Amino acid sequence: MPVLRLQDLGKGEAQGGQEGLFGVIKMVSEQVQQLIMQAQAYQQQLQVVATQKEALNLQMIEMGKALEELSRPSKEDVYKIIGPVLVKVKRAEAKRDLESKRELITLRMKTLEKSEGKLKEKLDELREKLSKAGD
């Protein structure tokens, strides 16, 4: 991004009028547009992260209910969906699989929360730059 310096303000006037001032205004306008486009991109990324977090939250709720059901005393085997097929598995195995998946989802949630925090920081920085550019 070009840097706007005070020395640049007078260059166009010495070469024939107000062309330098309009050039500076155009450059500032382009910088502001770039900042706005970056801010919009960050907002879209934040929306994607929020959607992913919501999907993971729903999976966590479903797993919690399934684990609760598997924790009830019973000697019966359970069925697990593998692709289009139901496969009979032991309760302990199904419970282990669900607990393992829950750990993975928890890690993924932490990663998404870190990403969300970084995106929010970047967005705040851009908003600050935009507010300074508007002054």
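What the table shows:
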| quantity | calculated |
| --- | --- |
| Identity of the residue in the stretch 109-133, without any contact (Cβ under 8 Å) to a residue 60 or more places away in the chain and more than 27 Å from GLN59 (Cβ to Cβ), that ends up nearest to the chain's Cα centre (by Cα) | GLU121 |
| Filtered residues of the stretch 69-97 (kept if touching a Leu at 6+ places or on another chain (Cβ under 9 Å) and either modelled with pLDDT of 95 or more or of a type in the set (Gly, Ala, Ser) (or both)) | ALA92, ALA94 |
| Within the stretch 48-74, considering residues that are among the basic types (Lys, Arg) and free of Cβ contacts under 8 Å to residues at least 12 places away in the same chain, the one farthest from THR106 (Cα to Cα) | ARG72 |
| Selection from the stretch 98-124 of residues that are surrounded by 14 or more Cβ atoms within 10 Å (Cβ to Cβ) and either more than 30 Å from GLN38 (Cβ to Cβ) or of a type in the set (Val, Ile, Thr) (or both) | LEU98, LYS101, ARG102, ILE105 |
| ALA92 vs. criteria closer than 30 Å to ASP124 by Cα and either in a helix (DSSP H, G or I) or in contact (Cβ under 8 Å) with a residue 12 or more places away in the chain (or both) | no |
| Residues that are outside any helix (DSSP H, G or I) and polar (S, T, N, Q), drawn from the stretch 95-135 | none |
| Scan of the stretch 75-85 for residues that are surrounded by 11 or more Cβ atoms within 10 Å (Cβ to Cβ) and either part of a helix (DSSP H, G or I) or without any contact (Cβ under 8 Å) to a residue 12 or more places away in the chain (or both), ordered by number | TYR79 |
| Exclusive hit being more than 19 Å from LEU112 (Cα to Cα), exposed (fewer than 13 other Cβ atoms within 10 Å of the Cβ) and not acidic (Asp, Glu), set GLN33, GLN44 | GLN33 |
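The values are calculated or read from the model by the stated rules, or taken from the named source; none is laboratory data. Everything quoted here is computed from the prediction, not taken from an experiment. Reconstructed Cβ throughout: ideal geometry from the backbone, glycine too, with neighbour counts over all protein chains shown.
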